[in-house]
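The values are calculated or read from the model by the stated rules, or taken from the named source; none is laboratory data. The structure displayed is predicted, hence computed values, not measured ones. For neighbour counting, all protein chains shown are included, and Cβ atoms are generated from backbone atoms with ideal geometry for every residue, glycine included. When the accessible area is computed, the model is the full protein with side chains, heavy atoms only, and any ligands, DNA or RNA have been set aside. Shrake-Rupley method; radii C 1.70, N 1.55, O 1.52, S 1.80 Å.
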Amino acid sequence: MPELPEVETTRRLLAPYLEERRIVEAEIRHPRTGRRNENPQDVVDRLKGQLVHRLDRHGKFILGRLESELTWVMHLGMSGRFLIVSPEDQEIAHTHFIARTDRGDEIRFIDPRTFGFIAVFTPDELEAELRLGRDAFIDLPRTPQLAARLNGRKAPIKSLLLDQRIVAGLGNIYADEVLFRAGVRPTRRGGDLSGQEMTKVRKAIGPILKAGIAAGGTSLSKSGYRSPEGRSGEYRRKLFVYGREGDPCRRCGTPIERLVIGGRSSFYCPDCQV
DNA sequence: CCTCCATCCTGTGGGC
DNA sequence: TGCCCACAGGATGGAG
């Protein structure tokens with residue numbers, strides 16, 4: 001569920017509690033949550049006692065820059081969320097990771113589906129484990145670089161936008177919203193886009209993500225995204241196509257259509273998108 | 001290298 | 001109301 005805007009919202013809310021704070025205690029409660037390290041216990045051993053200088057984000061990954069060479073990596077997967085609480089606060093179901101800071105705050109990671117993970121990597125491991133293109137929001141490549149990556153590709157543009165090695169951060173919702181804004185059908189082969197279409201897609205990414213972040217992300221359901229403060233995102237009301245099958249296009253009134261591309265639901269306006 | 005597909009999980013929302 | 005099942009915002013590894 002969480003895509004770049006939800007991850008950025010999470011990062012911004014966690015930062016004041018973690019930056020320039022020391023992790024005095026850490027605990028992995030569910031082995032799957034620590035699976036990206038050789039041994040889940042490595043996460044705890046490496047994190048304990050470390051000072052967190054800064055919280056960064058690359059695509060959908062939150063990166064804690066530690067005082068050593070290590071990087072604390074957090075990924076929300078499909079159902080992950082963080083909570084900032086006091087140690088005495090009651091624990092909710094699916095709490096799979098806990099860290100306590102020297103200020104006495106507790107950062108808890110809740111993840112029912114366990115697709116998310118918490119890891120601590122050396123520089124070499126980080127390089128090997130995170131194969132990411134440039135960040136879609138703060139480091140978006142210029143059109144020629146983007147075009148070069150799509151050149152010759154036969155896969156649908158939608159699938160290519162979801163490929164984190166090309167550009168990091170877009171997920172199923174925002175990829176559809178970007179393509180609507182660009183006026184490009186999700187089924188179009190990436191390599192077949194004209195230069196002008198490529199420019200439109202590229203120029204749509206920034207504003208869509210910016211609006212998503214400003215709204216605090218998108219929450220689709222009751223069990224959907226929640227910020228570390230427990231708030232839902234408000235971007236759902238602003239969506240043009242995602243989840244709107246059969247509803248009138250907000251631009252032209254034509255019913256929005258749904259189809260499956262690369263195993264993912266895709267929504268588009270048959271009239272506005274060519 | 002590219003494309004497609006299955007897989008890892010639990011919760012829920014819609015249809016009957 | 002209750003039951004069942006398709007489906008869910010992601011990433012990866014393997015087959016072809």
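Some values worked out for this structure:
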| read-out | value |
| --- | --- |
| Surface accessible to a 1.4 Å probe, A:His58 within the full protein complex, Å² | 60 Å² |
| When each of A:Lys154/A:Lys222; A:Lys158/A:Lys238; A:Lys48/A:Lys203; A:Lys154/A:Lys210 is checked by Cα-Cα distance, pairs over 32 Å | A:Lys154/A:Lys222; A:Lys48/A:Lys203 |
| Accessible area (Å², per residue) of chain A, counting only protein heavy atoms and a probe of 1.4 Å | 46 Å² |
| Gain in span if fully extended, A:Ile138 to A:Glu69, counting 0.36 nm per residue against the direct Cα distance | 22.5 nm |
| Length-normalised contact order for chain A - Cα pairs under 8 Å, 6+ apart - percent | 19 percent |
| Cα-centred dipole magnitude for chain A, charges only on beta-carbon of K, R (+1) and D, E (-1), debye, nearest 20 | 1320 debye |
| Over chain A: helical MRE at 222 nm, DSSP H runs n ≥ 4 each giving -39500 (n - 2.57), nearest 500 | -8000 deg cm²/dmol |
| log₁₀ of I(q)/I(0) at q = 0.09, 0.14 Å⁻¹ - region A:4-129, Debye sum with one point per alpha carbon | -0.20, -0.52 |
| P(r) tail fraction, region A:134-268 - alpha-carbon pairs more than 23 Å apart, % | 32 percent |
| Relative intensity, log₁₀ I(q)/I(0), of region A:86-152 from a Debye sum that treats every alpha carbon as a point, q = 0.17, 0.18, 0.24 Å⁻¹ | -0.87, -0.90, -1.06 |
| Accessible-area composition of region A:4-129, carbon plus sulfur, in percent [1.4 Å probe] | 44 percent |
| Solvent exposure ordering (accessible area, 1.4 Å, most first) of A:Glu38, A:Glu229, A:Glu177 | A:Glu38, A:Glu229, A:Glu177 |
| Accessible area (Å², 1.4 Å probe, nearest 10) - A:Lys210 | 130 Å² |
| Zone residues, region A:1-44, relative to A:Ser86, backbone N less than 18 Å from point 7 Å out along Cα-to-Cβ | A:17 |
| For chain A, alpha-carbon Rg over 2.2 N^0.38 Å | 1.05 |
